[in-house]
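Right, one structure below, let's go through it.
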Amino acid sequence: MAKKYVYLFSEGDESMKELLGGKGANLAQMVRLGMPVPQGFTVSTEACTRYYEDGKKIAPEIEAEIYENLAKVEQINGKKFGDVKNPLLVSVRSGARASMPGMMDTILNLGLNDDVVAGLIAGNPTPTFERFVYDSYRRFIQMFSDVVMEIPKKQFEVIIDELKEKKGVKNDIELDANDMKQLVVLFKAYYKQKKGVEFPTDPKSQMMESVKAVFRSWDNPRANVYRRMNEIPYSWGTAVNVQPMVFGNLNNNSGTGVAFTRNPSTGERKLYGEYLINAQGEDVVAGIRTPSPIAKLQEDMPAVYSQFVAIANKLESHYKDMQDMEFTIENGTLYMLQTRNGKRTAAAALQIAVDLVDEKVISEEEAVLRVDPKQLDALLHPQFDAAALKKATPVGKGLPASPGAACGRAVFTAEDAKAWADRGEKVILVRLETSPEDIEGMNAAEGILTARGGMTSHAAVVARGMGTCCVAGCGEITMHDDQGYFDIGGVRINQGDYVSLDGSTGNIYNSAIPTVEATISGNFDRFMSWADARRTLKVRTNADTPRDTIQAVKFGAEGIGLCRTEHMFFEADRIKAFREMIVAKTIDARRAALKKILPYQQKDFEDMYIALAGRPMTVRFLDPPLHEFLPQKEEEIVDLAKELNISVAELKNVIDSLHEFNPMMGHRGCRLAVTYPEIAEMQTTAVISAAINVNKQYPQFNIVPEIMIPLVGELKELKYVKDIVVKTADAIISATGIKLKYLVGTMIEIPRAAITADQIATEAEFFSFGTNDLTQMTFGFSRDDAGKFLDSYYDAKIYESDPFARLDQTGVGQLVALAANLGRKTRPDIKLGICGEHGGDPSSVEFCHRIGLQYVSCSPFRVPIARLAAAQAAIKSK
């Protein structure tokens, strides 16, 4: 039997989402539930895939099947497509299996041409009906030109505005039948001017061209970006729904609207929505006219309103979730055009999930699966005031590197950020890219904006850890920071000018948009307790300061999976001693400098152990190359030489000697401890002494320090550094006479370490997978530079998502799984966790659950996301 590509609504149901798309499956289900749906058909997602396989052509057998189903729809509706006296007019809409609001295209009133229009008017020559027909025709020309022929709709709007101005009216509704007729003439003339041919009049070719246009829209830039953000595979394709038109713009007894069964902003259990009298669907969405709230429909059309309320209740109880519905009223008769699970804010998602459990509609387990983990981000960060944001227009867009909203005055150096913040100014730190020495300025800023770098660049990682809003890698920015300004999208922004950043979308505004603080409701704690009861994966945090630790514990972190000790050295009172260590020429001079740092490092560890109250902490020893701690600008080099009491030439020699062609693969990680064992000695002393002191003060904590040696690629290398750690630690423990257990493990971030993990586990008591470095070494590209070319890879469909934001499970993930298995063979009780940025990405968390890791670790503000993702992974795996 030939493969079926086209289905009448009456042939489908809600279980056929993969084939019919979300919209098609739900329309079919509404037909099954006996609801008033105009009966049409769906061209399946498989037809879309075939369209691309066949070189963007619709195969003759699919075309024949479309026409065959069109004939059935004509029969059901008692109208004929292209007929002059009794024409069938249709809408053509996209519908992927995942909801993608506004991402793909729609065409209404298809099947109109001059003859059909004349025939319709001859049957009912009243001015109101004539206006309605020409209004529908001009809308069709406008949509078909825009969606199918790619003539931007903006110019058509200009033509309408010019006519309204000429007539001295404000609203489209004030234009009469003659004006609409004139718009048709003007639109067709503009079409001919743009395309060099007359507007197409054959309804069948209009239909085929529209179906192709919807398939094409699956690959339009905005749909590609939306899919990447929402992890929707390109291979899914979209379905096309062809449905007889019902007309909300027929007369004043007609209308169109959109409604939700609950409030999508707050989750309140109350019908929420709006409608317009005498209008078509896109008028409500486009915001050209101001709609009335749905409750007013009760006054305007009481019978229709009560029928709609009954349908809304029936749909919500059927789908057991808040529904987003589109409807049209044609001459007093209600028609349902769509239903889907409604998009909602994070606060509404929690409220609805909790209410549905209390209403005994769903179980706690189902409620946990209902909330998208990424949405929780919005609950934990400041957001823009919604009304003010609506009025603002972005001047540019970068990568949404760390969520939240920030507004402040632009400054270009970390020093200025700190100085301005100290005098009470709110600032946005704008840099070409940030480096570790910018840490104080980053800490002082409301938000961070960089021209370079990706989702795991220094700026992004540090900002997420602090919970600071960050937009990274905005290639439209040209920095002139030495002259006190930067350009973006043709706009000049000077130091001190207001900038607003949306870290959830990447949008950049050149105005002050007010922000509102994040609020966590009682629903949050209750909902998260359901999630925690179901997960097996522990969730730790990446934290380097007592402040971050306290924040993470509040968000439910069960320990620290990564404490990056180098971040502790950048504080103003410590950096000098650390730099003395770098320029030291002898071991004694180095030890003397390290001795100055030891008390600071130990005090930080003590404060963090106290904040953790007995939860575990993995301390990673010094990782970055030493050149990152030294200045690069001439005036800063001169100042530092003076401060360190050495000549400028001498300091420049040190800086030159530390220069590397590829520092990410250079003298860093455990290689520093091999060259300078005294660094590992000092860090071991700080960790072990801190644990002993805190255990004395709080014996109930029973701290077991976890010391992690980074960037190991060879067993002997690990053993060499571990021997230094053990010798130092054991000496301190025996001198104090206090019993203390400690663990020494390693970070698996070099492919060679993953492949030889069975050998490495003979020395390592735990593995923590550093997936940021493991990703860049496996792919062979730098995470700081990849942003420059990854867009070309997305456009060419080589990659569908950023491998630094979402774990590459086919390559990097296989190395993680291999190393975990090899490690367990050698040491069955080995502790296994992940501490790269992937630890807060839901699909990566699910992967970690699947391969049997014990914990994930992520930045403090992503802890709730990881907790929920871990719970969902456990429920799904059952």
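The values are calculated or read from the model by the stated rules, or taken from the named source; none is laboratory data. Since the model is a prediction, treat every value here as computed from it, not as a measurement. Cβ coordinates were reconstructed from backbone atoms using ideal geometry, including for glycine residues, and neighbour counts include every protein chain displayed. Accessible surface is based on the protein model in full, side chains and every heavy atom, while ligands, DNA and RNA are left aside. Shrake-Rupley method; radii C 1.70, N 1.55, O 1.52, S 1.80 Å.
Quick one: which residue in GLY78, GLY95 is modelled with pLDDT under 95, of a type outside the set (D, E, K, R) and over 43 Å from the mean Cα position of the chain (by Cα)? Before the answer, list the steps.
Details: GLY95 fails: over 43 Å from the mean Cα position of the chain (by Cα).
Unique residue meeting the criteria: GLY78.
LEU672: buried (at least 21 other Cβ atoms within 10 Å of the Cβ), in contact (Cβ under 8 Å) with a residue 40 or more places away in the chain, under 37 Å from the mean Cα position of the chain (by Cα) and part of a helix (DSSP H, G or I), yes or no? It would help to see each step written out before you state the result.
Numbers: buried (at least 21 other Cβ atoms within 10 Å of the Cβ): yes; in contact (Cβ under 8 Å) with a residue 40 or more places away in the chain: yes; under 37 Å from the mean Cα position of the chain (by Cα): yes; part of a helix (DSSP H, G or I): yes.
Yes: the conditions hold for LEU672.
If I ask for residues that are open to solvent by 60 Å² or more (accessible area, probe 1.4 Å) and either of a type outside the set (Ser, Thr, Tyr) or not in a helix (DSSP H, G or I) (or both), which ones from segment 785-795 would you list? It would help to see each step written out before you state the result.
Pass one, segment 785-795, residues open to solvent by 60 Å² or more (accessible area, probe 1.4 Å): 785, 788-789, 791-793, 795.
Once the filter is applied, which keeps residues that are open to solvent by 60 Å² or more (accessible area, probe 1.4 Å) and either of a type outside the set (Ser, Thr, Tyr) or not in a helix (DSSP H, G or I) (or both), segment 785-795 yields ASP785, LYS788, PHE789, ASP791, ASP795.
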- Top-ranked residue of segment 854-878 - restricted to ones that are open to solvent by 10 Å² or more (accessible area, probe 1.4 Å) and within 17 Å of the chain's Cα centre (by Cα), ranked as modelled with the lowest pLDDT: PHE861
- Note on the structure: With the first residue restricted to segment 595-607 and required to be closer than 15 Å to PHE578 by Cβ and of a type in the set (Phe, Trp, Tyr), and the second required to be open to solvent by 50 Å² or more (accessible area, probe 1.4 Å) and in a helix (DSSP H, G or I), Cβ contacts under 9 Å at 6 or more apart or on different chains are TYR600/ASP573
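Name the residues in segment 329-352 that are closer than 22 Å to ASP13 by Cα and either open to solvent by less than 10 Å² (accessible area, probe 1.4 Å) or assigned to a helix (DSSP H, G or I) (or both), would you? Can you show your working first?
Going through segment 329-352, the residues closer than 22 Å to ASP13 by Cα turn out to be 334-343.
Scanning segment 329-352 gives LEU334, MET336, GLN338, THR339, GLY342.
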- Task: Identify the single condition in (1) among the acidic types (Asp, Glu); (2) in contact with a helix residue (DSSP H, G or I) (Cβ under 7 Å, 6 or more places away or on another chain); (3) in a helix (DSSP H, G or I) that ASP355 does not satisfy, given that it satisfies every other one.
- Result: (2)
- Query: When you scan segment 358-395, how many residues do you find that are under 21 Å from PRO864 (Cα atoms), part of a helix (DSSP H, G or I) and not basic (Lys, Arg)?
  - Reply: 13
- Message: For segment 800-853, give me each residue that is among the hydrophobic types (A, V, I, L, M, F, W, C), more than 20 Å from PHE766 (Cβ to Cβ) and open to solvent by 30 Å² or more (accessible area, probe 1.4 Å).
- Response: ALA805
- Query: Out of all the residues in segment 155-185, which are more than 15 Å from GLN142 (Cβ to Cβ), polar (S, T, N, Q) and either open to solvent by less than 60 Å² (accessible area, probe 1.4 Å) or more than 41 Å from the chain's Cα centre (by Cα) (or both)?
  - Reply: ASN178
- Query: So which residues in segment 108-136 are under 19 Å from LYS195 (Cα atoms) and open to solvent by less than 10 Å² (accessible area, probe 1.4 Å), if there are any at all?
  - Reply: none
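May I ask you to list the residues in segment 79-91 that are in a loop (DSSP other than H, G, I, E, B) and not small (Gly, Ala, Ser)?
Our first condition is that a residue be in a loop (DSSP other than H, G, I, E, B); within segment 79-91, this holds for 79, 81-86, 88-89.
Passing the criteria: LYS79, PHE81, ASP83, VAL84, LYS85, ASN86, LEU88, LEU89.
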- Task: For segment 54-74, name all the residues that are loosely packed, with under 13 Cβ neighbours inside 10 Å and not small (Gly, Ala, Ser).
- Result: ASP54, LYS56, PRO60, GLU61, GLU68
- Message: I'd like the residue in segment 478-499 that is buried (at least 22 other Cβ atoms within 10 Å of the Cβ) and in contact with a Gly (Cβ under 8 Å, 6 or more places away or on another chain) and, out of all such residues, is nearest to VAL395 (Cα to Cα).
- Response: ILE488
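Mind counting the residues in segment 759-772 that are of a type outside the set (Phe, Trp, Tyr) and either touching a strand residue (DSSP E or B) at 6+ places or on another chain (Cβ under 7 Å) or open to solvent by less than 10 Å² (accessible area, probe 1.4 Å) (or both)? Spell out how you get there, then give the answer.
Step one: of segment 759-772, the residues of a type outside the set (Phe, Trp, Tyr) are 759-765, 768, 770-772.
Applying the additional criterion that residues be either touching a strand residue (DSSP E or B) at 6+ places or on another chain (Cβ under 7 Å) or open to solvent by less than 10 Å² (accessible area, probe 1.4 Å) (or both) yields 760-761, 764-765, 768, 770-771.
Residues flagged as of a type outside the set (Phe, Trp, Tyr) and either touching a strand residue (DSSP E or B) at 6+ places or on another chain (Cβ under 7 Å) or open to solvent by less than 10 Å² (accessible area, probe 1.4 Å) (or both) within segment 759-772 amount to 7.
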- Count of residues meeting criterion [open to solvent by 40 Å² or more (accessible area, probe 1.4 Å), part of a helix (DSSP H, G or I) and β-branched (Val, Ile, Thr)] in segment 584-612: 2
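I need the helices (runs of 4 or more DSSP H) fully contained in segment 1-78, keeping only those with at least 2 residues that are hydroxyl-bearing (Ser, Thr, Tyr), touching a residue at least 24 places away in the same chain (Cβ under 8 Å) and more than 16 Å from SER235 (Cα to Cα).
Numbers: elements: 17-32, 45-53, 60-77.
Those helices (runs of 4 or more DSSP H) do not exist here; none qualify.
Do any helices (runs of 4 or more DSSP H) lying entirely in segment 143-240 carry at least 3 residues that are at pLDDT 90 or above and over 30 Å from ASN251 (Cβ atoms), and which ones are they?
Details: elements: 154-167, 177-195, 203-217, 221-230.
So the answer is 177-195, 203-217.
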- In the list LYS652, LYS633, LYS696, which residue meets the criterion of being under 26 Å from HIS458 (Cα atoms), touching a residue at least 12 places away in the same chain (Cβ under 8 Å) and either open to solvent by 60 Å² or more (accessible area, probe 1.4 Å) or of a type in the set (Asp, Glu) (or both)? LYS652
- Message: Looking at segment 848-862, I want the residues that are under 24 Å from HIS381 (Cβ atoms) and in a helix (DSSP H, G or I) and have a partner that is open to solvent by less than 10 Å² (accessible area, probe 1.4 Å) and of a type in the set (S, T, N, Q) with Cβ atoms under 6 Å, at least 6 apart or on another chain. Which pairs are those?
- Response: PRO860/THR541
- open to solvent by 30 Å² or more (accessible area, probe 1.4 Å), among the polar types (S, T, N, Q) and within 23 Å of GLY559 (Cα to Cα): does that describe GLN683? no
- Restricting attention to segment 30-53, which residues are of a type in the set (Phe, Trp, Tyr) and open to solvent by 10 Å² or more (accessible area, probe 1.4 Å)? TYR52
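To keep it simple, each residue is scored yes or no on (1) surrounded by 20 or more Cβ atoms within 10 Å (Cβ to Cβ); (2) over 16 Å from GLY506 (Cα atoms); (3) acidic (Asp, Glu).
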site	(1), (2), (3)
PRO373	yes, yes, no
PHE384	yes, no, no
ALA387	no, yes, no
ALA410	yes, yes, no
ARG423	no, yes, no
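Looking at segment 613-628, which of its residues are in a loop (DSSP other than H, G, I, E, B), farther than 22 Å from VAL856 by Cα and either charged (D, E, K, R) or touching a His at 6+ places or on another chain (Cβ under 6 Å) (or both)?
Quick first cut of segment 613-628, residues in a loop (DSSP other than H, G, I, E, B) only: 613-616, 621-625.
After this cut, where a residue has to be farther than 22 Å from VAL856 by Cα as well, the list is 624-625.
If the condition is that a residue be in a loop (DSSP other than H, G, I, E, B), farther than 22 Å from VAL856 by Cα and either charged (D, E, K, R) or touching a His at 6+ places or on another chain (Cβ under 6 Å) (or both), then PRO625 is the only one that fits.
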- Message: Against the conditions (1) more than 16 Å from SER145 (Cβ to Cβ); (2) within 29 Å of the chain's Cα centre (by Cα), where does SER217 fall short? Just the number, please.
- Response: (1)
- Count of segment 613-630 residues which are in contact with a Lys or Arg (Cβ under 6 Å, 6 or more places away or on another chain) and open to solvent by 70 Å² or more (accessible area, probe 1.4 Å): 0
